[in-house]
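The block underneath contains the structure these notes are about, expressed in structure tokens.
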Amino acid sequence: MERNAKIYVAGHKGLVGSALLRKLQEGGYKNLAMKTSRELDLRRQKGAEEFFQRERPEYVFLAAAKVGGILANSTYKAEFIYDNIVIAANVINSAYKSGVKKLLNLGSSCIYPKFACQPMTEESLLTGSLEPTNEPYAVAKIAAIKLCRYYNEQYGTNFISVMPTNLFGPNDNFNIETAHVPAALLRKFHLAKLLMQKDLDGIRKDLKRCPIGFGLDKEVRMEDESSIKRILEKIGVSDNRVVLWGSGEPYREFLYVDDLADACVFLMEKYNFADIGEFVNIGTGEDIKIKDLAKKIKEVVGFDGDIQHDLSMPDGMPKKLLDVSKMKSLGWEARTSLGDGMKKTYEWYLNL
């Protein structure tokens, strides 16, 4: 990419999009096109096409998506499949019609079969059934990969796809109902610590700046300590313990989002579809049990209470570890450790 090239980051307010924006700005890219979802609804084909024809971006990072954790995926199935398919279709088709030089499509490791051989190679795609709890989202992401591939094959475009592992970092979603595991746990432990310290003003501030979900935000009156405790108890938070959804036994891999942004810009600057193929995994190549992740986050936050498990909640896939040998062969590796990334994320959250 040329430093003066016009670059469109779709979804620049989200976890991935904001990290991409930081990385591009650090790299000296200044001609950046951005629109919030209120300004441009990418689910509307006409609006998407008009934007691309008017702005004529040369490079596109497709990071716009409807995302969420295991509960959100299970609850809003129709929205997850519809919104993500339509967003991808509109952006990819508009990019082709307006002559975009290169597009990078962000996927998700949930595209792989539930019982795929570990670590999961790119060749594992569509070799088995998907994990039911996130199948709608996975189907949409698979569709986006195939759209990029077949546009390349039919129209000669240069659209590449990357499959990142589970992400965390600044600008994550901290709504307990819809958040992914790291953000949900970080916030739960933070609230539990404040409750243990009897810092009611700190809890009030936290609950006002960010929703917690489950229909509880309408109940957040917080006149006294008992009402605060009642609300937090409903999300598994008390002054002496935090409830972890599921058994905590599944293994997951986690990547600090700024590392993902670094990898994406690296690929856009150096590699094309002919070099990468259909898509490439991006991760650390290391995983951890959810219960051990919880202990690590608990330590970062500084909560002294216990961890309990709600076995009525689903675990999801038993293991999700990406084979990142392809990305390493291209000359890129993750640099931020899980512990350091969590510390940076918590510092960011405290300064919201």
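Read-outs: derived from the displayed coordinates by stated rules, not from any lab. All values reported here derive from a predicted model rather than from experimental measurement. Neighbour counts run over all protein chains shown; Cβ positions are idealised from the backbone, glycine included.
Sorting Tyr112, Tyr271 by the number of Cβ atoms found within 10 Å of their own Cβ, with the fewest placed first, yields Tyr271, Tyr112. According to the square roots a ≥ b ≥ c of the eigenvalues of the Cα gyration tensor, what is the shape class of the range 192-284, taking rounded for a/c under 1.5, prolate for a/b larger than b/c otherwise, and oblate for the remainder? Because a/c hits 1.5 or more and a/b exceeds b/c, the range 192-284 counts as prolate. In this structure, the pairs whose alpha-carbon distance is over 27 Å, taken from Lys146/Lys344; Lys35/Lys97; Lys46/Lys146; Lys141/Lys344, are Lys146/Lys344; Lys141/Lys344. Between the exposed loop cleavage positions of the chain, defined as GluC sites (Glu not before Pro) in a non-H, G, I, E, B DSSP state with at most 10 neighbouring beta-carbon atoms within 10 angstrom, the longest gap is 40-222. Please report how far the C-alpha centroid of the range 55-97 lies from that of the range 311-352, rounded to the nearest whole angstrom. Answer, in whole Å: 22. Normalised by residue number, the volume inside the convex hull of the Cα atoms of the range 286-352 is 130 Å³ per residue. DSSP beta bridges fully contained in the range 207-352 are about 30 percent antiparallel. Once each part is reduced to its C-alpha centroid, what is the distance from the range 161-183 to the range 272-293 in angstrom? First find each Cα centre; the distance between them is then 15 Å. For the range 72-146, dividing the convex hull volume of the Cα atoms by the residue count gives 88 Å³ per residue. The angle between the Cα long axis of helix 45-55 and the main principal axis of the chain comes to about 70°, on a 0 to 90 degree scale. For the chain, adding -39500 (n - 2.57) for each run of n ≥ 4 DSSP H residues and dividing by the number of residues yields -13500 deg cm²/dmol at 222 nm. Taking a ≥ b ≥ c as the square roots of the Cα gyration tensor eigenvalues, with a/c under 1.5 meaning rounded and otherwise prolate when a/b beats b/c, else oblate, which class fits the range 39-178? It is oblate, given that a/c is not under 1.5 and a/b is not larger than b/c.
Evaluated on the range 125-281, the Kirkwood hydrodynamic radius is 18.8 Å, with distances taken between all distinct Cα atoms. For the cross-link pairs Lys101/Lys320; Lys298/Lys319; Lys229/Lys291; Lys198/Lys343, the ones whose C-alpha atoms lie over 30 Å apart are Lys101/Lys320.
Per-residue Cβ neighbour counts within 10 Å put Ser238, Ser108 in the sequence Ser238, Ser108, beginning with the fewest.
Axis of helix 200-209 versus longest Cα principal axis of the chain: the two differ by about 20°, to the nearest ten degrees.
Looking at the range 263-352, the trypsin sites (Lys or Arg not before Pro) that sit in a DSSP loop and have at most 15 other Cβ atoms within 10 Å of their own Cβ are Arg335.
Ser329 sits among other residues whose Cβ lies under 13 Å from its own Cβ, and their net charge, with Lys and Arg +1 and Asp and Glu -1, is -1. Taking amide H as placed 1.01 Å from N in the peptide plane, Leu255 has its amide H under 5 Å from the amide H of Asn166, Leu167, Phe168, each at least 5 places away in sequence or on another chain.
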